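Student: Structure in C-alpha cells, see below.
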Amino acid sequence: MSQQVTVTQTTTREETPLKPRVLVIIPAYNEEDSLGRVIRQVHEAVPEADVAVVNDGSGDATPEIAEGYGATVLSLPCNLGIGSAMQTGFMFAHERGYDYAVQVDGDGQHDPEEIPELLAVIQSGDADVVVGSRYIEDRGYITPRVRRLGIVILANLISLIVRQRFTDPTSGFRVLNRRAFYFCANDYPFDYPEPESIVTFWRAGIRMCEIPVTMNPRYGGQSSITPLRSGYYMVKVIMSIVINLLRQRPKVVGEVSHVQQLREG
Amino acid sequence: MFSNYEKVELVMLVVPAALFAVVVELVRRRRLREDYSLLWLVTFGVLVLFAVFPNSLLDGLADLMGIFYPPAALFVVGFGLMLLVLLQFSLVITRLAQQNKQSAQRIALLSARVRELEQQIGTPE
C-alpha cells in the first residue's frame, strides 16, 4: 500500500502479469471527517489495491489523513473541480500502468465493500466501464424529491441518446478498465463530469453497464449541492451533453500525451 | 459657444482618440500584449474615423441602419465592437483555465513522483 510498493510494482510489472493491478481513486475536497474511514474500508475490501487520493486544493487535513492511512496523495495546487481531479487520478493510473481504476467518493456515500462486485463485472470483459446505481434495486436510499426528479430527467435523456437504460447517470461510484481510463486521461469534463461522460463514452465506443449498489448518507463534510447549484448543474450538464453531440466523434487512443511528455521531459 | 450637436461630436472624437493613445502607450510599455490590443485599437480607430468624418461616414451609416440621430449609430458600432472584445476575453480565459488545469495536474503528478523518489533514496538533508 505504501508508495514504495507502487514503484516496485511498476518496475516488476512484466514479471508478474497475472494479478490485475487496481487503483482506487478518491477525489477529495475538504473531506477530513470521512476520508480516513473510507480509505480504511477500501483497504479492507480490496487489500490488493492501491489507493490514490486526489486532494483538490483542500484547506483542511485531507492530505495528511490520506497519507496517514497509506494512500498516495496527488495534491492539486488549487481547486480544479471534481472532473479535473478525477482526470488527475486517471492520468496517474495510466502513468503507473494500472489495469483498473475505481472511483469512490471521499464522503462515505459509496460502500467500499461493493468494489469487488464492480471489479468482478469489469473483469468479465463485457464492459469497459461499470457504474454503481442506487436506483436499479430499492435498497432504501432516500433521495430528496427535487434531486430525484433531476436525476430521472437526466437518466431518461441519456438513456434516449445512448439507447441503453441508465438509471443513475450522476453516480460517481465506477470502475473503468484501461481502455476507458486512458480515454479519460485525455478527455474528461472539468466539472459535474458523470452524466456527460456516459454520452462521451458511448460516442467513443466505450461499453458501459450499471449494477445495483447501496449508497449511504454522507458521514461528514458539506454536500456541494444547494438549490441554486442544482439549477446550474442541470443547465450545465444538459448543455454539455447537447454540445457534446455536436462535436466530432471522440477517438479512443492508446497513448496519452501527458505520459509521453513526462517521459521526454 | 458650441451647440449641443457640436459638443457631442467633440466628445465622440476626443474620448476614443485618448483611449487609442492609452492602448498604444500600454503596448509600448509592454503592459498589454500586441495581440490583445488589436481589437481595442480597431474599436477606438473606427470610432475616431466616424467622429472625424461625421458627414460622409457617420450620416451614411446612420441612414443605412435607419437611425435618425447619427451619433446613436456611433454607439451601435462601438457597442458591437466592444462585444467582440468581450468575446475575445472569454476565449482567452478559457484557454488560460485549460492551461492552468494542465499545469496543476502535472504539478500534482510530479510532486507525488518526487516524494516517492525521495523516499527511495532518502530525503536530502
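We did not get these values from a lab; they are worked out from the coordinates using the rules stated. The structure presented is a predicted model; accordingly, all values stated were derived computationally and were not measured. Ideal geometry is used to build each Cβ from the backbone, glycine not excepted, and the neighbour counts take in all protein chains shown.
Student: I need a count of the residues in the range A:85-108 that are away from every other protein chain (no Cβ under 14 Å) and of a type in the set (Val, Ile, Thr).
Tutor: Residues that pass the stated criteria total 2.
Student: With the requirement that a residue be buried (at least 24 other Cβ atoms within 10 Å of the Cβ), more than 13 Å from chain B (Cβ to nearest Cβ) and either in a loop (DSSP other than H, G, I, E, B) or in contact with a His (Cβ under 7 Å, 6 or more places away or on another chain) (or both), what does the range A:48-79 give you?
Tutor: Scanning the range A:48-79 gives no hits.
Student: Hey, does the range B:107-122 have a residue that's away from chain A (no Cβ under 14 Å), of a type in the set (Gly, Ala, Ser) and in a helix (DSSP H, G or I)?
Tutor: no
Student: Are any residues in the range A:79-134 of a type in the set (A, V, I, L, M) and farther than 17 Å from A:Pro20 by Cβ, and if so, which ones?
Tutor: If the condition is that a residue be of a type in the set (A, V, I, L, M) and farther than 17 Å from A:Pro20 by Cβ, then A:Leu80, A:Ile82, A:Ala85, A:Met86, A:Met91, A:Val104, A:Val131 are the ones that fit.
Student: Condition check: free of Cβ contacts under 8 Å to residues at least 24 places away in the same chain and not β-branched (Val, Ile, Thr). Does B:Phe44 satisfy that?
Tutor: In short, no.
Student: Take B:Leu64 and decide whether it is assigned to a helix (DSSP H, G or I), within 14 Å of chain A (Cβ to nearest Cβ) and either under 28 Å from B:Met12 (Cα atoms) or more than 27 Å from the chain's Cα centre (by Cα) (or both).
Tutor: Criteria not met by B:Leu64.
Student: When residues of the range B:67-106 are filtered for being more than 14 Å from every other protein chain (Cβ to nearest Cβ) and in a helix (DSSP H, G or I), how many remain?
Tutor: Total meeting the criteria: 23.
Student: Let me ask another. List the residue pairs whose Cβ atoms are under 6 Å apart, where the first residue sits in the range A:229-249 and is touching a residue at least 60 places away in the same chain (Cβ under 8 Å), the second is buried (at least 16 other Cβ atoms within 10 Å of the Cβ), and the two are 6 or more positions apart or on different chains.
Tutor: Pairs that qualify, where the first residue is touching a residue at least 60 places away in the same chain (Cβ under 8 Å) and the partner is buried (at least 16 other Cβ atoms within 10 Å of the Cβ), are A:Tyr233/A:Tyr192; A:Met234/A:Gly150; A:Val237/A:Tyr192; A:Val237/A:Pro195; A:Ile241/A:Glu196; A:Ile241/A:Val199.
Student: Just one of the numbered conditions (1) part of a helix (DSSP H, G or I); (2) more than 14 Å from chain A (Cβ to nearest Cβ); (3) of a type outside the set (D, E, K, R) is not true of B:Leu32; which one?
Tutor: Exception for B:Leu32: condition (1).
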